[in-house]
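Only one structure is covered here, and it is reproduced in the block below.
The values are calculated or read from the model by the stated rules, or taken from the named source; none is laboratory data. Bear in mind the structure is a predicted one, so any value in this text is a computation, not a measurement. Cβ placement follows ideal geometry from the backbone for every residue including glycine, while neighbour counts extend to all protein chains displayed.
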Amino acid sequence: MLGIKSKDLSEIKTSRSMLGNWYVNISTIDRRKTFLFVNERTLLSFILYGVKKSNIANMHEMFLAALNQLLLLEGVDDHVINKLNKEYLHFEYTKTNNKRVLGNMNDLMSLYKHFIYSEDGLKYCDLTNIIHRINNTPQKNIGWAYSIELTKELLQGDKSS
């Protein structure tokens, strides 16, 4: 769906961002293409659905808008969010090389599907609450920490600006 050819993929680089790189995977929920975004360091996640091919060119803006909304809802300071946005001005697509994160992505997508379908699908579910619940679930691969708490620690840990 993204229409990216192998020759157009960038080399994987270590991110200098407070949170590191993000991974995205596409799945189908309620017959809609659904994008799952997962942070490599904290496993913070959220989904976007209803993205059309005509919007793919704006994926970077959609990602940042959704991330900003999630962080605001979780009480992260505007100043910190603005600083993070500057770190993600450049957006590249690469192949995935982290099998641990891929495994977590599969688990997280299963959780999203479970909660969405248990609330009668995308039309009726409280997606904001589902995202909140998943990010407040202990994750084994980050030492049984909560994704949102680890994210906040990393964001608050960088006080330089």
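Could you look through segment 52-71, keep only residues that are over 14 Å from residue 35 (Cα atoms) and in contact with a helix residue (DSSP H, G or I) (Cβ under 7 Å, 6 or more places away or on another chain), and pick out the one that is surrounded by the fewest Cβ atoms within 10 Å (Cβ to Cβ)?
Selected residue: 68.
Tell me which residues, restricted to segment 26-65, are in contact (Cβ under 8 Å) with a residue 12 or more places away in the chain and among the charged types (D, E, K, R). Spell out the reasoning first.
Going through segment 26-65, the residues in contact (Cβ under 8 Å) with a residue 12 or more places away in the chain turn out to be 26-27, 29-30, 32-51, 53, 56, 59-60, 62-64.
Hits for segment 26-65 are 30, 32, 33, 40, 41, 53.
Would you point out which residue out of 128, 94, 137, 151 is modelled with pLDDT of 95 or more, polar (S, T, N, Q) and more than 25 Å from residue 30 (Cβ to Cβ)? I'd like the intermediate steps shown before the answer.
Details: 128 fails: more than 25 Å from residue 30 (Cβ to Cβ); 94 fails: modelled with pLDDT of 95 or more; 137 fails: more than 25 Å from residue 30 (Cβ to Cβ).
The match here is 151.
Can you pull out every residue in segment 23-55 that is among the hydrophobic types (A, V, I, L, M, F, W, C) and more than 16 Å from residue 130 (Cα to Cα)?
24, 26, 51
Hey, can you tell me all the residues within segment 104-161 that are among the hydrophobic types (A, V, I, L, M, F, W, C), part of a loop (DSSP other than H, G, I, E, B) and under 14 Å from residue 41 (Cα atoms)? Walk me through how you get there before you give the answer.
Residues of segment 104-161 that are among the hydrophobic types (A, V, I, L, M, F, W, C), as a first pass: 105, 108-109, 111, 115-116, 122, 125, 127, 130-131, 134, 142, 144-145, 148, 150, 154-155.
In the following step, the residues that additionally are part of a loop (DSSP other than H, G, I, E, B) were identified as 122, 125, 144.
Selection gives 144 alone.
So which residues in segment 72-89 are in contact (Cβ under 8 Å) with a residue 24 or more places away in the chain and either among the hydrophobic types (A, V, I, L, M, F, W, C) or closer than 19 Å to residue 60 by Cβ (or both)?
Across segment 72-89, the qualifying residues are 73, 76, 80, 83, 84, 87, 88.
Residues of segment 67-91 being modelled with pLDDT of 95 or more, under 15 Å from residue 42 (Cβ atoms) and in contact with a strand residue (DSSP E or B) (Cβ under 9 Å, 6 or more places away or on another chain), which ones?
67, 70
Can you pull out every residue in segment 111-123 that is surrounded by fewer than 16 Cβ atoms within 10 Å (Cβ to Cβ) and either aliphatic (A, V, I, L, M) or under 15 Å from residue 31 (Cβ atoms) (or both)?
Across segment 111-123, the qualifying residues are 111, 117, 120, 121, 123.
If residue 117 passes every condition in (1) modelled with pLDDT of 95 or more; (2) under 23 Å from residue 149 (Cα atoms) but one, which one does it miss?
Result: residue 117 passes all but (2).
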